[in-house]
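Scroll down for the structure; my scribbles are underneath it.
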Amino acid sequence: MTASQSSGASSSRLPKLAIVAGAGPLPVSLAKAALAEGREVFIIGIEGFAGSEIEAFPHAWNRLGAMGKFIRLLKDNRCEEMVLIGAVTRPDLRKLSLDMTAIRLLPKLRSWMKQGDDGLLRGLGGYIQDETGVRIVGAHEISGGLLAPEGALTKLVPDDSQKSDIAVAMNAARAIGALDIGQGAVACRGIVLALEAAEGTDAMLERVANLPEHLHGSETAREGGLVKLPKPGQERRMDLPTIGVRTVENAAAAGLAGIAVEGGGALVDDIDAMTEAANRLGLFVVGLPSAETRADTR
């Protein structure tokens, strides 16, 4: 058991877990893992992002901007720990329908947003913990099986040329991460082809696929790679890089040779399905040693 028990919780049980669900299948994967561990779960689906599959579990829906209802849901359902998981795009505060709790919080929200995504997550996380007593934990603290392991996940491994591209993409990913811009970069033949920003990884890979053919690989001659790394100093409980089958398929469509992430520093949605897809499409997927992602690359 990795998650510490909340104050007053019985030593014979694990704290009840709230899963704040964005888009993608990871919230359900986490719910199943938590239940298998013997936890009670309650999913709060974010309207417009979470899928209907969360309705197979105890759940409620909440829209962005309804902060008062969100706080009540955590308290009324006696949640003790909380994970935020799944994709959610940064909201436009001008277009949100804010309740009174969110309106009172608005000056702080604006201040947090000026500090970037990590600042926003840290600010919101601290506010929620102060208001509810619910402790925020990382998905990896609930289920270590969601983390990418170190080493090769696939039959293929990068050759020397592909390792060089990985090194270039790593440097680029660290640079934009330090500026709190994004977590991913693509390099091919020693040249950075794309950097991830607010549009996300899938859109970045689509941009690569639409570049002139001479700049990237192809289905028959794959070259280059995608690297996703946590941002330096990142709040790892709430925003680890994520890859899955869709990432592999989009990397393949862009003609890339493979994907590299930090072992222990990225979430993998359905690792078996992702590995099968990569093997079928002829891509490598590797988990880089944590020390390697921090070292200078030459």
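The values are calculated or read from the model by the stated rules, or taken from the named source; none is laboratory data. What you see is a predicted model, and the numbers here were worked out from it, not measured in a lab. Every residue, glycine among them, receives a Cβ derived from its backbone with ideal geometry; neighbour counts consider all protein chains shown.
Results for (1) farther than 29 Å from I19 by Cα; (2) surrounded by fewer than 15 Cβ atoms within 10 Å (Cβ to Cβ); (3) modelled with pLDDT of 95 or more, shown as yes or no for each residue.
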| residue | (1), (2), (3) |
| --- | --- |
| L156 | yes, no, yes |
| Q162 | yes, no, yes |
| D165 | yes, no, yes |
| M204 | no, no, yes |
| H214 | yes, yes, no |
| R222 | yes, no, yes |
| V227 | no, no, yes |
| R237 | no, no, no |
| L256 | yes, no, yes |
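For (1) part of a loop (DSSP other than H, G, I, E, B); (2) farther than 26 Å from I243 by Cα, each residue gets a yes or a no:
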| residue | (1), (2) |
| --- | --- |
| F70 | no, yes |
| L74 | no, yes |
| M82 | no, no |
| L96 | yes, yes |
| T101 | no, yes |
| K108 | no, yes |
| W112 | no, yes |
| G125 | no, no |
| query | Going by the structure shown, is R174 among the basic types (K, R), over 24 Å from the mean Cα position of the chain (by Cα) and surrounded by 15 or more Cβ atoms within 10 Å (Cβ to Cβ)? | reply | no
| query | Given the structure, is L73 modelled with pLDDT under 95 and of a type outside the set (F, W, Y)? | reply | no
| message | Any residue at all in the range 140-152 that's β-branched (V, I, T) and part of a loop (DSSP other than H, G, I, E, B)? | response | no
| task | Find all pairs meeting these conditions: Cβ atoms under 6 angstrom apart; at least six residues apart or on different chains; first residue within the range 226-251 and free of Cβ contacts under 8 Å to residues at least 40 places away in the same chain; second residue buried (at least 23 other Cβ atoms within 10 Å of the Cβ) and outside any loop (DSSP other than H, G, I, E, B). | result | V245/M274; V248/M274; V248/A278
| remark: Of (1) within 16 Å of K16 (Cα to Cα); (2) within 23 Å of the chain's Cα centre (by Cα); (3) modelled with pLDDT of 95 or more, S52 satisfies every one except (1)
| request: Hey, could you check the range 163-205 for residues that are assigned to a strand (DSSP E or B) and in contact (Cβ under 8 Å) with a residue 24 or more places away in the chain and say which is nearest to H216 (Cα to Cα)? | output: C188
